[in-house]
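One structure is given here, and the rest of the page talks about it.
The values are calculated or read from the model by the stated rules, or taken from the named source; none is laboratory data. The model shown is predicted, which means the values in this text are computed figures rather than measured ones. Glycine gets a Cβ as well: all are built from the backbone with ideal geometry, and neighbour counts include every protein chain shown.
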């Protein structure tokens, strides 16, 4: 084949890809199209034929590469470039007003604020990465720090552009790395159609669109994913260059629409507190008209620099809230009440309900919180009760309908002893609402501990789910987390749940996690009050498990975010003889958490805080470079802060605090010189 013919084919392929991408944008994003299906199909067939003739010209952004058949081996864990955060929930006007009062105290007096609202889509959060404008990766939210790589499945979603649309406004985002965050949802009409088909085929029906969308994205068969109609609805754009960061959330939505994304059709700039409440009231009555389910609104400070300046508390930003609609409620009957023992020993009463559908899913159990709550609400076995999903997620019993009592209902009496091990229940403090089983060897606590240790947020050991853990405990093959490392294929084959292949897979999965990261291991230990982020902070501060275990309460308190309750829990856990035995067993069985490398360098011992907007780097980039040279990046000024880096649009409070503490203030250019850039 001549070079001329090949060149002509290459030009034709480029032209076809560009035109088909524009038609996709018209159809999937603008809900309009300028050509018939026959024309579109004809052009796509021509493109396929040309690519068959010239396979070397096939690129990842070709529409022929969207529907990829085949079975995936599994999903790998991928770290997020910027943490995917959660948002605090509020449920009424008073809580919205309280939120605004709090954030205004942190801003200069008299600063005018505008807000940006969007409907809160009920789907699966996902981050989609583009490199030089080309779709390269899709990552689920996961635990916020890292998620699962679902690139192959998200590629099948027709509303996800394989190449970002380039306009005068979007051109800066088509160079380098651009990340679009949003929700993967299934529209209500597509969910109904899917269930209608399953009904015809005699298959079980799906419970609700959200769970169906999330379950679909986690399918290993990409052809199955392609058969189900999913949509990606964008809500944020993140780049590695602060120079092109949109000044407002309103502008960010406009840019994402120009890049080829849907999701902002119902978003709105809000100029006053009253407009927030009016926006909420509007969608409270109109939300059923939306093509997908929502459970409230997301309200953000519109100015993105102000939003960043307000910062994050724990895992939630100060500058945003989720304004949630009242949870869906219904009635059912309490068939029984039993006590569930958690991994910390908490004895929680749980109601067994006559099955009822709430917010699209079947509920058969609901928490009753504690014995005092049952007594206060006067909930009895046999009662007709009001049940709701708090925040549309966690089922709980709201109240009994006393007028429907027949006289046969039974008052619940909190047991004095653990139903699992017969140990007497106790309270740690007189005014504590929670009864606990103090027996650290309690079978129920052991099971919860092992399940937690093997969970995705901890060591992520595939195959160590609830049923398998229960079977292993019942067979007395294990008694705690460390014992799983002693299991053999031969032992597993004595249980009905395992065949040779599944037994070998579990043993391999356990063996692969003998050298976990220190943070995951510490989180997996199940220390009370120590969540995933606190485990990361402990690992980064102390570097080794031995150092964490030997630290004093005062040393724990030097870590930002660790208060007295957490510090006391850490001291108590590492001093407990059972904990010491557990750690010794881990070491004996060859389980060695990877120490966090101690960073040396010219900035060792120096601590930096950044305030305001930087132009040559993002705040996260500054933090990474400071840490790479041995320095410490802090989110707030303290007595030990060495430098306050002052950018643009700085609030007065940090400057005043720096002056009061005698902290040296430096400019962005000073920071660049210190970093050697």
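Is it true that some residue in segment 484-503 is touching a residue at least 60 places away in the same chain (Cβ under 8 Å) and not assigned by TED's automatic domain parsing to the domain that holds residue 146? Scanning segment 484-503, I find at least one residue that is touching a residue at least 60 places away in the same chain (Cβ under 8 Å) and not assigned by TED's automatic domain parsing to the domain that holds residue 146, so the answer is yes. Assess whether residue 509 counts as being surrounded by fewer than 21 Cβ atoms within 10 Å (Cβ to Cβ) and within 22 Å of residue 448 (Cβ to Cβ). When the stated conditions are applied, residue 509 passes them.
Evaluate segment 632-649: report whether one residue or more is buried (at least 20 other Cβ atoms within 10 Å of the Cβ), modelled with pLDDT under 80 and either within 27 Å of residue 109 (Cβ to Cβ) or in the same structural domain as residue 243 (by TED's automatic domain parsing) (or both). No, segment 632-649 contains no residue that is buried (at least 20 other Cβ atoms within 10 Å of the Cβ), modelled with pLDDT under 80 and either within 27 Å of residue 109 (Cβ to Cβ) or in the same structural domain as residue 243 (by TED's automatic domain parsing) (or both). Taken over segment 605-631, the residue count meeting the criterion of being touching a strand residue (DSSP E or B) at 6+ places or on another chain (Cβ under 9 Å), surrounded by fewer than 19 Cβ atoms within 10 Å (Cβ to Cβ), without any contact (Cβ under 8 Å) to a residue 40 or more places away in the chain and not in a helix (DSSP H, G or I) is 3. Checked across segment 367-378, the condition of being outside the structural domain of residue 269 (by TED's automatic domain parsing) and in a strand (DSSP E or B) holds for at least one residue.
Return only the number of the condition from (1) surrounded by fewer than 19 Cβ atoms within 10 Å (Cβ to Cβ); (2) closer than 24 Å to residue 122 by Cα that residue 335 does not satisfy. With (1) surrounded by fewer than 19 Cβ atoms within 10 Å (Cβ to Cβ); (2) closer than 24 Å to residue 122 by Cα applied to residue 335, the lone miss is (2).
In the set (1) farther than 30 Å from residue 317 by Cα; (2) modelled with pLDDT of 80 or more, the condition left unmet by residue 72 is number (2).
Per the listing 15, 38, 10, the residue uniquely at pLDDT 80 or above, assigned to a helix (DSSP H, G or I) and surrounded by fewer than 14 Cβ atoms within 10 Å (Cβ to Cβ) is 15. Filtered by the rule that a residue be under 22 Å from the mean Cα position of the chain (by Cα) and free of Cβ contacts under 8 Å to residues at least 60 places away in the same chain, segment 257-316 gives 304, 307, 313.
Residues in segment 584-600 that are within 30 Å of residue 630 (Cα to Cα) and surrounded by 15 or more Cβ atoms within 10 Å (Cβ to Cβ) were compared, and the one that is modelled with the lowest pLDDT is 599. Taking segment 152-248 as the region of interest, the helices (runs of 4 or more DSSP H) fully inside it that hold 3 or more residues being surrounded by 19 or more Cβ atoms within 10 Å (Cβ to Cβ), in contact with a strand residue (DSSP E or B) (Cβ under 8 Å, 6 or more places away or on another chain) and touching a residue at least 40 places away in the same chain (Cβ under 8 Å) are 209-217.
A quick yes/no check of all residues on (1) modelled with pLDDT of 90 or more; (2) part of a helix (DSSP H, G or I); (3) not assigned by TED's automatic domain parsing to the domain that holds residue 484:
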{"position": "507", "(1), (2), (3)": "yes, yes, no"}
{"position": "510", "(1), (2), (3)": "yes, yes, no"}
{"position": "515", "(1), (2), (3)": "yes, no, no"}
{"position": "529", "(1), (2), (3)": "no, no, no"}
{"position": "534", "(1), (2), (3)": "no, yes, no"}
{"position": "540", "(1), (2), (3)": "no, yes, no"}
{"position": "549", "(1), (2), (3)": "yes, yes, no"}
{"position": "554", "(1), (2), (3)": "no, yes, no"}
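Residue-by-condition table, conditions (1) farther than 25 Å from residue 462 by Cα; (2) in a helix (DSSP H, G or I):
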{"position": "498", "(1), (2)": "no, no"}
{"position": "503", "(1), (2)": "no, yes"}
{"position": "522", "(1), (2)": "no, yes"}
{"position": "567", "(1), (2)": "yes, yes"}
{"position": "574", "(1), (2)": "yes, yes"}
{"position": "592", "(1), (2)": "no, no"}
{"position": "596", "(1), (2)": "no, no"}
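Taken over segment 260-275, residues that are closer than 21 Å to residue 113 by Cβ and part of a loop (DSSP other than H, G, I, E, B) amount to 4. Residues in segment 395-416 that are outside any loop (DSSP other than H, G, I, E, B) and surrounded by 12 or more Cβ atoms within 10 Å (Cβ to Cβ): 8 in all.
On inspection, residue 428 passes the criterion of being touching a strand residue (DSSP E or B) at 6+ places or on another chain (Cβ under 8 Å), surrounded by fewer than 18 Cβ atoms within 10 Å (Cβ to Cβ) and closer than 30 Å to residue 593 by Cβ.
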